[in-house]
Structures are given as structure tokens and as C-alpha cells.
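Before any comments, here is the structure.
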């Protein structure tokens with residue numbers, strides 16, 4: 001194991017060096033936090049929205065829909081490139097301008 005130089009805070013007989021214990025605790029918490037952050041899947045769903053004038057836009061699904069009425073969801077995709085391809089396909093099929 002890697003030996004970390006230890007600076008003794010005080011020389012107390014029978015006591016542990018608290019600085020080394022805290023360093024190890026902070027390192028363990030950091031490793032756990034990094035592990036939890038890396039294990040959660042990143043989701044960013046996108047939709048192709050058709051508005052009443054016939055044009056389509058890529059919309060990020062964050063729980064907020066477009067204001068007012070007159071829109072419809074044409075396609076959904078898990079990433080922006082998939083939504084771009086879906087919008088291109090909708091234009092070619094004549095669903096969008």
C-alpha cells in the first residue's frame with residue numbers, strides 16, 4: 001500500500017492520528033460519490049415537435065411542453081443526433097416544412 005507521510009498533530013499516547021483518519025475518510029467518500037455519479041444513466045430525451053404553421057423543431061424533453069396549443073409530437077429520440085435524423089425524415093415524408 002502507498003505510504004502517506006503523516007504529520008502528527010500531537011503526541012498523545014494510545015491515540016490515533018486524526019489527520020490520517022480524516023484523509024482516508026474524505027478519500028473514501030470521494031470514491032463513493034464518483035461511483036454513484038458514474039453509475040446513474042444519463043438520459044436526455046428529445047422530441048421533434050410540429051407546430052401549427054407546419055414547421056418542426058427539436059424539443060428537449062425536460063417536462064415543459066410548448067406554450068399554447070397547436071403543436072404535436074412527431075417523433076422522439078434518446079439523443080440529439082437521433083432527433084435530427086427523425087426531423088430530417090419527417091421533412092422528407094412531408095410531415096414538416
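Annotations
- Annotation: of all residues in segment 19-71 being over 26 Å from the mean Cα position of the chain (by Cα), touching a residue at least 12 places away in the same chain (Cβ under 8 Å) and not in a loop (DSSP other than H, G, I, E, B), the one that is nearest to residue 88 (Cα to Cα) is 50.
- Scanning segment 72-97 for residues being in a strand (DSSP E or B) and touching a helix residue (DSSP H, G or I) at 6+ places or on another chain (Cβ under 9 Å) gives a total of 4.
Read-outs: derived from the displayed coordinates by stated rules, not from any lab. Just so we're clear, the structure is a prediction, and the values are computed from it rather than from any experiment. When we count neighbours, we look across all protein chains shown, and the Cβ atoms used for this are built from the backbone with ideal geometry, even at glycine.
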